[in-house]
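Asker: Submitted below is the structure of interest, expressed as structure tokens.
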Amino acid sequence: MKLFDIPAVTESASASRGGRVFRKASDMVPSKPFDYSHVQKWAPDADFTDLASFYPVAGEKQGVIPQEQLLALYEKYLHLWLEKMPTSKKLQDAGRKNMLWGIFGSYQKDWETPVLPFSKHCDGGKLWDVDDNEYIDLQFSDTPSMFGHGASNPAIKAAAESLLTTGIDPMMGTADQAIAAAELEKHFKLPVWMHALTASDSNRYLLSIARCVTGRPNIAIPNFTYHGTIDETQKMMPEPGVISRYHEMPQYYAEVDHGTKIFTWNDLESLEECLKDGSVAVVMMEPIMSNFGWAWPQEGWHEGVRALTEKYGTLLCYDETHTLGYDWNGAAGVMGLEYDMWSCGKAISSGIPGAVFGMAREIADQLEKWQHEAGFFAGAGLGFLGNALTGNTMSTVALRVTMQEVMIPSVFEEIHAKAQFVHDGMTATFEKYGAPFRSEIMGNRLCFHFISDRAHDPLTGIAQIGFGGLFEFAHAYMWYNGLLIMPFFNMVLVCPQHTQEDLDKYLAVFDDMIAIIMGQKQG
Ligand code: PMP
């Protein structure tokens with residue numbers, strides 16, 4: 001049975017590279033080719049079809065034990081860890097009957113381990129699996145629960161109580177909604193807000209709004225960015241002039257650039273090339289690129305982006321879904337960024353499903369006018385800016401309490417002190433063993449990187465993850481030792497409930513891990 005009608009890609013419209021068919025050079029990317037030289041310094045053989053080829057090489061990894069030895073140690077610790085979770089294995093095997101891979105949610109699949117760990121319960125900064133293994137949680141589902149699991153987080157407690165006393169979704173206004181929106185203005189400057197359930201949705205709604213109010217068809221994003229499950233943002237430029245969809249489903253090969261222009265992060269010339277035809281409604285990006293490893297903005301980048309968006313009448317939107325933990329007012333607040341739209345999900349309501357999108361007053365006025373003119377076809381029931389569960393009571397209460405009691409300067413003072421302690425500890429370990437690595441800190445978010453320079457481009461961001469041995473060993477070793485770090489890169493989140501004992505344990509295991517990697521301790 002043929003499920004999809006895959007459009008034929010004609011010879012003249014395509015070029016074949018490595019057995020794949022790509023559209024020929026696109027006019028949606030800047031004509032100026034982007035610069036691969038930074039990543040080539042660390043990973044000269046880097047190739048998108050094989051992440052292990054991003055293994056950082058050369059003199060920079062002096063003292064690191066050979067790659068084969070690292071991979072053997074990875075196997076050893078992975079199997080030791082898997083031996084501790086027979087019940088998880090049983091549950092996953094049984095689940096295969098009714099769930100893809102025996103896994104219900106796509107993020108759970110991202111563990112990519114032979115057995116998916118199954119959780120029994122979590123509390124504060126801890127998690128217990130179904131085999132009663134205790135872990136210090138440092139991944140919090142890739143951010144949502146980073147202000148702590150369970151009742152020790154006042155937002156979760158309030159949401160649970162409201163669920164029992166108020167009900168979840170009366171499809172009416174509630175007093176909490178206006179308080180939550182006013183809090184958002186205090187934190188993130190913009191005056192007008194709406195609610196969504198996921199960050200993907202918030203971003204999707206903002207893209208729609210931007211197109212409506214500007215009357216322009218295109219959006220622009222940096223190469224290798226991630227903004228959720230939105231078709232227009234799930235795109236990258238794997239080589240100059242080519243736009244491809246991340247998952248490269250065959251039906252997208254031919255026409256993937258529709259609606260999306262791609263520029264190079266930290267390259268104002270390439271951004272201007274995208275904007276200058278006046279077809280771009282909005283530039284969407286993060287203050288610091290946080291997916292694909294991390295890529296920091298160069299001096300003057302954000303100011304330059306703001307100047308160019310103003311010059312070409314394009315709106316500017318920051319997605320702070322990952323950078324929220326920088327401080328009580330997000331990274332955009334600390335960095336003093338100017339913007340027209342702002343969006344965030346995941347931790348904004350302490351992991352209770354919820355997200356928000358904010359906009360400048362002029363955009364809101366335009367939108368209300370447009371909505372009025374569109375009449376019936378702009379109705380909320382037609383899904384333009386939300387769905388049945390947006391604005392629900394449980395999520396709104398969690399949002400309000402997160403803003404009022406969790407995302408506040410005094411809580412962040414504590415979080416920053418703990419994160420700094422971990423950052424200093426990792427840095428001291430690298431110095432102790434002469435390891436050519438670095439620790440990066442972004443508020444409550446830390447990353448250990450297997451190269452010694454700060455990355456300013458996302459491809460170097462991938463190289464610093466250390467796929468091909470370093471990444472694999474580090475993860476298996478930490479998981480086996482009861483530390484749940486992020487499965488798909490080297491990220492660690494510090495929550496308010498982590499104790500000094502938790503942080504000391506993390507640093508002790510980390511010290512051993514680096515000693516093994518540097519051949520100064522037997523693995
Ligand atoms: N924006 C950014 C920057 C993200 O990293 C993510 C998810 N990792 C999203 C949006 C999408 O979030 P969600 O899965 O909650 O829709």
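The values are calculated or read from the model by the stated rules, or taken from the named source; none is laboratory data. Here the structure is a predicted model, which means the values were calculated and not measured. FYI the Cβ positions are ideal-geometry reconstructions off the backbone, even for glycines, and counts take in every protein chain you see. Each accessible area value is taken on the protein alone, full model and side chains, heavy atoms only, with ligands, DNA and RNA left out. Shrake-Rupley method; radii C 1.70, N 1.55, O 1.52, S 1.80 Å.
Asker: Could you say which residue among GLY293, GLY278 is within 16 Å of the ligand (Cβ to nearest atom) and either among the hydroxyl-bearing types (Ser, Thr, Tyr) or open to solvent by less than 40 Å² (accessible area, probe 1.4 Å) (or both)?
Answerer: Of GLY293, GLY278, the one residue that is within 16 Å of the ligand (Cβ to nearest atom) and either among the hydroxyl-bearing types (Ser, Thr, Tyr) or open to solvent by less than 40 Å² (accessible area, probe 1.4 Å) (or both) is GLY293.
Asker: Among the candidates LEU70, LEU80, which residue alone is at pLDDT 90 or above, of a type in the set (A, V, I, L, M) and either touching a Pro at 6+ places or on another chain (Cβ under 9 Å) or open to solvent by less than 50 Å² (accessible area, probe 1.4 Å) (or both)?
Answerer: When all the criteria are applied, what remains is LEU70.
Asker: Hey, another quick one. Name, by its number, the condition in (1) touching an Asp or Glu at 6+ places or on another chain (Cβ under 7 Å); (2) within 16 Å of the ligand (Cβ to nearest atom); (3) among the aromatic types (Phe, Trp, Tyr) that does not hold for TRP128.
Answerer: (2)
Asker: Another one. Give LEU385, LEU367, LEU308 a once-over and let me know the one that is touching a residue at least 60 places away in the same chain (Cβ under 8 Å), surrounded by 15 or more Cβ atoms within 10 Å (Cβ to Cβ) and more than 14 Å from SER202 (Cβ to Cβ).
Answerer: That would be LEU367, the only listed residue that is touching a residue at least 60 places away in the same chain (Cβ under 8 Å), surrounded by 15 or more Cβ atoms within 10 Å (Cβ to Cβ) and more than 14 Å from SER202 (Cβ to Cβ).
Asker: Please determine whether any residue of segment 179-186 is open to solvent by 60 Å² or more (accessible area, probe 1.4 Å) and among the hydrophobic types (A, V, I, L, M, F, W, C).
Answerer: Scanning segment 179-186, I find at least one residue that is open to solvent by 60 Å² or more (accessible area, probe 1.4 Å) and among the hydrophobic types (A, V, I, L, M, F, W, C), so the answer is yes.
Asker: With within 11 Å of the ligand (Cβ to nearest atom) and either among the hydrophobic types (A, V, I, L, M, F, W, C) or surrounded by fewer than 22 Cβ atoms within 10 Å (Cβ to Cβ) (or both) as the only criterion, which of ALA196, ALA220 stands out?
Answerer: On inspection, the qualifying residue turns out to be ALA196.
Listed here are the residues, each with its yes/no results for (1) in contact with a strand residue (DSSP E or B) (Cβ under 7 Å, 6 or more places away or on another chain); (2) within 16 Å of the ligand (Cβ to nearest atom); (3) open to solvent by less than 30 Å² (accessible area, probe 1.4 Å).
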site: TRP328; (1), (2), (3): no, no, no
site: TYR339; (1), (2), (3): yes, yes, yes
site: PHE376; (1), (2), (3): no, no, no
site: LEU389; (1), (2), (3): no, yes, no
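Asker: Yes or no: segment 223-230 includes at least one residue that is of a type in the set (Val, Ile, Thr), open to solvent by 10 Å² or more (accessible area, probe 1.4 Å) and either within 15 Å of the ligand (Cβ to nearest atom) or out of contact with any helix residue (DSSP H, G or I) (no Cβ under 9 Å at 6 or more places or on another chain) (or both).
Answerer: yes
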